[in-house]
Each structure stands twice: as structure tokens, then as C-alpha cells.
Amino acid sequence: MKLTILKLGGSVLTRKSEDKPEVKTQVLKRLAGEVSEALREKPKMRLIIVHGAGPFGHVPAREYKLDRGLKNRVQVKGMAVTHRSMETLNLRVVSALIDAGVNAIAYQPSAGAILEDGVLVSFPLESMERILNLGLVPVAYGDVLPDLKTGLNILSGDHLVPYLAEHLTADRVVIATAYNGIFDRNPSEKGARRLDVVDAGILAELEARETQGTDVTGGIARKVRELVSLSKHGVKSEIISGLKPGYVKRALLGETGIGTRIGN
């Protein structure tokens, strides 16, 4: 049975550009409704949802310098504080989905996943597979994990998505962000043009861009880099707007060309 992975970006769910750990309640409610409608129309779809951190994760992670590895014991407290903040956001997302009729269940990466120098090397895939087989929708998120080399480090949702897609043989990945795809310049600039397809050739340009708001996980460049790599395994990805009503539902039902496709 085909598997779809939906990433709900922190810029969509939270006030990321303002560095405020606040949920966009009406946006979340609408997105939960779109997921529910898509599952009703396509009841055999297996779905994993991964959501970003926004200020809930990035702000405390920056404060405690968690992206630099374990340097002092204060960072251990920082790991606890950051994880608690992410659990708060995850509860809001899961609750909205359940209220909309989705059999969603929270899935905590730090309960079983391990990084090595920031790269995910171990994840409880069998557990997630069995949850999917029960007809549940696991809802995972960016988290702070033990790291075999640096002591601790950050697992970005943008790193988790391609890992799950590759290891669980996903059919499609949908990334919902604040903008409808990747643009030839900062999308907030006048005249910015959306790119229909992005491959490895544009990565250098993306590396030079700044991400709005605090982001300790690499921003848009890392997102695209990992999705381009994923396309080599035959997994199709598309970046769409999560702020445009109906776009997420359309993408989950299989429509393509809404935003920017990744890879050839």
C-alpha cells in the first residue's frame, strides 16, 4: 500500500518569522480538516505527518547552542527544555488532527532515534511501520537527540522526512511551507518567479539565502539538498504552500504541479 509523507513546516504552523512560540490556530485547524478530507476520499492511503519546530524548537535550541554538540551540562537542561517545547507544539498538532477526525498519534523521535554527527543513523522503523499498519497516522517532529559523536544534536524535520521516505519506501513526499514552492529569488521580492522543477544545479544559490526567523537546522538549502538526493531513489517530492486553502488536500489526493517538484 502506497505511503505518503506530509511535512508541515514551522513557518506554516507558527509565527516563525517573528520568533514567537505561538501556533496559527486557524491555519492548523484548516490543515487538519484538509488531511481528514483527503483520508476520507482516499481511505487506503498510508500517511505519516512530520511537523517543523518554528520558534518552539529553534529559539531554545539557539539559546542553549544545541546545534554545536554537548559542551557543558547546561545544555542537558536545554535538551529537556527544547523537547518539552516541541511536545507542546506536537500536542497542538495531534489534537487538531484528532478533532478533525484523523486517527493521529504522537511519535517522539528522541525515544528511540540516534544521530551521528548530525546525521540520523538509527530510528525505530518497525514500530512506525506497525503503527501505520493499524491505520493510524503517526505525527513526528524535529527533536533533540543523542549523538554518537557530538553528545547531542538536533534532528530537523527536514532531515527526518527523507530518511523515513527512503527507509519505508514512500511513494510521495509533500512539503507544505509558507510559499508555494522554490523561487528564483527571495519569494517576498517583487517579480520573484516560482520554479516548476528544482535539481542539484540550484543548490549553490539556495545556500546563499537567509531564512526568515531563527533556524538552527540549515534552512531551505538543506531541505532541497536532501529531497534532491531522495529523488535518486525514485521518491517524488513537491514543495507547496500550506497557507493556500486546499493545496494540501489536492497534493495528498495525488495532484502534482501545484508548487515546485524536486528532482527530475
Practice task
Be a star and scan the stretch 92-125 for residues whose amide nitrogen sits under 16 Å from the point 7 Å along the Cα-to-Cβ vector of residue 148.
Solution key: 112-125
Completion exercise
In deg cm²/dmol, rounded to the nearest 500, the helical mean residue ellipticity at 222 nm of the chain, built from -39500 (n - 2.57) for every DSSP H run of length 4 or more, is -11500 deg cm²/dmol
Problem - For 91, 253, order by how many other beta-carbon atoms lie within 10 Å, fewest first - result: 91, 253
Completion exercise
Between the modelled labels at residue 26 and residue 114 (7 Å from Cα along Cα→Cβ) the distance in nm is 4.7
Practice task
For residue 153, enumerate residues with amide H under 5 Å from its amide H, sequence gap 5+ or separate chain, H modeled in the peptide plane.
Solution key: 145, 147
Practice task
Would you grab the residues whose amide H sits under 5 Å from the one on residue 103? Only those 5+ places off in sequence or on another chain, please, with H modelled 1.01 Å from N.
Solution key: 137
Completion exercise
Ranked output for segments 140-149, 54-63, 193-202, 77-86 by mean other Cβ atoms within 10 Å, highest leading, reads 54-63, 140-149, 77-86, 193-202
Practice task
Just need the relative contact order of the chain here, percent rounded to a whole number, with Cα pairs under 8 Å and 6+ apart.
Solution key: 24
Handout entry: Spin-label pair residue 19/residue 134, simplified geometry with 7 Å Cα→Cβ offset, distance in nm
Key = 4.0
Fill in the blank from the handout: Two pseudo-spin positions, 7 Å from Cα along C-beta at residue 74 and at residue 168, lie apart in nanometres by 3.8
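Can you give the FRET efficiency for residue 255 and residue 127, using 1/(1 + (r/R0)^6), R0 = 41 Å, r = Cβ-Cβ distance, to the nearest 0.05?
0.85
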Fill in the blank from the handout: Quick note, the stretch 21-151: a/c under 1.5 would make it rounded; otherwise a/b > b/c is prolate and the rest oblate (a ≥ b ≥ c, C-alpha gyration tensor); here it is oblate
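By DSSP, what percent of the beta bridges with both residues in the chain are antiparallel, rounded to the nearest 5?
Here the share of antiparallel DSSP bridges comes out near 35 percent.
FYI, it's all coordinate maths here, none of it is from the lab. Treat the numbers as computed from the prediction; the structure is a model and nothing was measured. For neighbour counting, all protein chains shown are included, and Cβ atoms are generated from backbone atoms with ideal geometry for every residue, glycine included.
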